[in-house]
Amino acid sequence: MANSQLQEVKDILREKKFGKLFSGDTENTYIQFFRYLFVGGLATVVDWGVSFLLFKYVFHEHYAVAANSISFVAGLIVNYVISTFWIFRNSKVESKLVEFLGFAAIGLVGLLMTMGITKLFEIWLADRTSLYQILAKIVSTAAAFFWNFFARKILLFSKKEA
């Protein structure tokens, strides 16, 4: 299965049919991951932007965990809306509400990872630099990105078994 999916991507690249990477329904994990880079990137911009604004201007360089938690939720909403229209078209779940709750639950695990990593960086670095917050964002964003894609793909959006 993975070999045929990889071969599909190779064929797209060899034939220079790059539009297939960006449009149309697909169950190809590589193509979905490629698209998720864009969705995750946009959600990250929202997450980081909201985090920066809250941390710097609302919380006056305090409460990094709160700033990162609130911003993570904003990124989650952006991620869900775009992911369900562009990447993951085939849900294992019949109800959109249940699908969103599952998507959010997976995101909650990512949020807990973000909070934990941020708190660790705060403990380790807050007395040395206020940059601990952005360093925590870099590490936690990468960890949450991989968790969110693969958990959502496997648990919510893999092709239904016949």
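Key figures for this structure:
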{"quantity": "Qualifying residue in segment 96-106 (condition: modelled with pLDDT under 90 and under 19 Å from the mean Cα position of the chain (by Cα))", "calculated": "no"}
{"quantity": "Sole residue being within 22 Å of Leu37 (Cβ to Cβ), under 14 Å from the mean Cα position of the chain (by Cα) and of a type in the set (Val, Ile, Thr), chosen from Ile117, Ile138, Ile134", "calculated": "Ile138"}
{"quantity": "Matching option when the condition is out of contact with any Phe, Trp or Tyr (no Cβ under 7 Å at 6 or more places or on another chain), buried (at least 17 other Cβ atoms within 10 Å of the Cβ) and farther than 22 Å from Ser23 by Cα, among Phe55, Phe103, Phe59", "calculated": "Phe55"}
{"quantity": "Within segment 129-145, tally of residues that are loosely packed, with under 14 Cβ neighbours inside 10 Å and modelled with pLDDT of 85 or more", "calculated": "3"}
{"quantity": "Segment 87-99: number of residues that are surrounded by fewer than 18 Cβ atoms within 10 Å (Cβ to Cβ) and in a helix (DSSP H, G or I)", "calculated": "3"}
{"quantity": "Candidates Leu6, Leu42, Leu37 - the one that is surrounded by fewer than 17 Cβ atoms within 10 Å (Cβ to Cβ), part of a helix (DSSP H, G or I) and without any contact (Cβ under 8 Å) to a residue 12 or more places away in the chain", "calculated": "Leu37"}
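The values are calculated or read from the model by the stated rules, or taken from the named source; none is laboratory data. This one's a predicted model, so the numbers in the text were calculated from it and none came from an experiment. Using ideal geometry, Cβ is built from the backbone for each residue, glycine included, and neighbour counts are taken over all protein chains shown.
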